[in-house]
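Each remark here refers to the structure printed beneath this line.
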Amino acid sequence: MAVAHKGSISMGLVLIPVGLYKTTIDNDIHFNQLCKDSKERIQYKKYCRHFNKEVASDDIIKGYEYEKGKYVVMTNEELEKIKTKKDKTIHIIQFARMSEVNMIYYEKDYYAVPETGAEKAYELLRQALLSQRKVAIAKTVMGTNEKLLVLYPTKDGIIVKTLFYQDEIAAVPKNVPKMKLEENELNMAKMLIENMTKPFEPAAFQDEYQARLREAIHKKIQGQEIVAVDTSGPSNVIDLMEALHKSLELSGGQHQIGSA
């Protein structure tokens, strides 16, 4: 797996060289866009209107539009020059309790893997954080963006989570009123949650739609027709208590309903 970013975790005067690696793999089926008539793939060309020609990737540079139609060019060398030593490290600013970071701020995750010789300092940080159930709040520059980070300890290592900044979080589009609930409704909802509670095992879950999609693609390749897999009608349950009763029955909680 290719390293996404290289740097050093800076904790005071302690430097821990690490590489950041993506934590996820894209297994989704991806479709290409085709011309409806020819069934040929749509091509996207990088085009310069001034010289009326297609432009290769090596001929593309970065420019910032400071006025309409006017650009200032920034080279990669110039972008590197304005980075400070702190920018080039994963600089720990403070520590915080794990529960204090709202999950809405989490953006992407990376495995932080120590470079050779940095394993002991890495393990020291991991164990110290994990024993206190705390995370490190840090910053670093990745590409042309200064990223706010959380260094999150696990039993196997440290996950670096990039965060959105406060001004990147959209406001709730609509205020949701706090509705008054009947006690028996709340009790039955709690019973349903209890009946459906068990340890979370990630390996128990698969992308079932992708599996059906792969099968459908295989059938079409063989010239077979795609048929609907779900022909059931909509549920007629519209009453909240009736829905809770039926849900409890399906979850195996029939014997508890009478006590609600």
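The values are calculated or read from the model by the stated rules, or taken from the named source; none is laboratory data. No experiment lies behind these values; they were computed from the predicted model shown. For neighbour counting, all protein chains shown are included, and Cβ atoms are generated from backbone atoms with ideal geometry for every residue, glycine included. Just the protein is used for accessible areas: all its heavy atoms, side chains included, with ligands, DNA and RNA removed. Shrake-Rupley method; radii C 1.70, N 1.55, O 1.52, S 1.80 Å.
Among the residues of region 53-67, just one is of a type in the set (A, V, I, L, M, F, W, C) and open to solvent by 100 Å² or more (accessible area, probe 1.4 Å), namely Ile61. In summary, strands (runs of 3 or more DSSP E) completely within region 61-167 and bearing 1 or more residues that are in contact with a Ser or Thr (Cβ under 8 Å, 6 or more places away or on another chain) and within 30 Å of Asp26 (Cα to Cα) occur at 62-67, 90-97, 106-114, 134-142, 145-153, 158-163. If the condition is being within 12 Å of Lys161 (Cα to Cα), of a type in the set (D, E, K, R) and open to solvent by 90 Å² or more (accessible area, probe 1.4 Å), then region 94-108 contributes only Lys108. Selection within region 197-218: residues that are within 20 Å of Asn27 (Cβ to Cβ) and among the basic types (Lys, Arg). The member of this set that is most open to solvent (accessible area, probe 1.4 Å) is Arg214.
Contact map, region 32-52: residues that are of a type in the set (Ser, Thr, Tyr) paired with residues that are assigned to a strand (DSSP E or B), Cβ distance under 7 Å, separation 6+ or inter-chain. Pairs shown: Tyr47/Glu54.
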